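**Student:** My questions all concern the structure below.
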Amino acid sequence: MRVLALLWLLGFVLKEVEAWSYSNGIFHNSIWLEQAAGVYHRESRKGRYQLTYKEAKAVCKYEGGTLATYEQLEAARQIGFHVCAAGWFDKGRVGYPIVKSGSNCGFGKVGIIDYGYRLNKSEKWDVYCYNPDSKECGGVLTEQQKIIQSPGFPEEYEDEQICYWHIRVRLGQKIRLHFMEFDVEDDTECLADYLEVYDSYDDVSGFAGRFCGDYLPDDIISTGNVMTLKFLSDASVTAGGFQLQYIAFNASLPHK
């Protein structure tokens, strides 16, 4: 019986790895940043400008979308989509949309800052994908404090969600997570729906805990200035969701 349980657990883990990491030889470790009108900006969790054209296309396809066209990018820009980071879009083109020009963004221009069609498809940039049915959750958070909640909170979250929040505060600071409300589908091993916390800027190292059920987890304090939260729901039961707050504080000062 124990052997069967272990085999089932191994099968589940392998299924999740297949679903959320490797696909067609590409490791899908990108993170969702800004989004508007079905267009969204992604960068690799390795940092800005780490995706080749092949990898950029695979990231969009993996998530059910396609590379955004120039027209789609401009439509998003018209309603305020402003990202000062160059990325791949349709047919091997690179550029970024801005609404307001700045000293380090736009070269004094406003619109789609177009780097043109790249002959070298091994160049590394971010990517702009298009998927009008995509669900917005997660992102890169750099504020000193912020409320994080499950998609749709205070309503029940939907099934088949995966969200990453990457928190990055100033060097010399730490992060305190304080749970305010928590109701995630409960099961013995937290294998169905769960929230994971990592004391790092990815979900590979620094594992700090996996949570489900309806009890409030204790506060979690990072060892450095970065932290990652991963929320996953499967294809069946959902629940009320969660709300928590992170607060940055100086590591050299006592914090209660």
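Quick note: the coordinates plus some simple rules give every number you see, no bench work behind them. Since the structure is predicted, the reported quantities are computational estimates derived from the model, not experimental observations. Neighbour counts run over all protein chains shown; Cβ positions are idealised from the backbone, glycine included.
**Student:** Cβ neighbours within 10 Å, averaged per peptide: list 103-111, 163-171 in order, most packed at the top.
**Tutor:** Working: 103-111: 11.6, 163-171: 18.7.
Highest to lowest by the protection proxy: 163-171, 103-111.
**Student:** Going by how many other beta carbons lie within 10 Å of each one, how would you line up V140, V127, fewest first? Before the final figure, lay out the partial values.
**Tutor:** Working: V140 16, V127 25.
Fewest-to-most Cβ neighbours within 10 Å comes out as V140, V127.
**Student:** Quick one: C129, C212, fewest Cβ neighbours within 10 Å first, how do they rank? Walk me through the intermediate numbers first.
**Tutor:** Values: C129 29, C212 21.
Ordered by Cβ neighbours within 10 Å, fewest first: C212, C129.
**Student:** Net charge within 9 Å of I98 by Cβ-Cβ distance, Lys/Arg positive one each and Asp/Glu negative one each, not counting I98 itself? Before the final figure, lay out each step's value.
**Tutor:** Numbers: positive: R77, K100, K109; negative: none.
Here the count lands on +3.
**Student:** Below 8 Å, C-alpha to C-alpha, sequence gap of six or more: please give me the relative contact order for the stretch 24-130 in percent.
**Tutor:** 33
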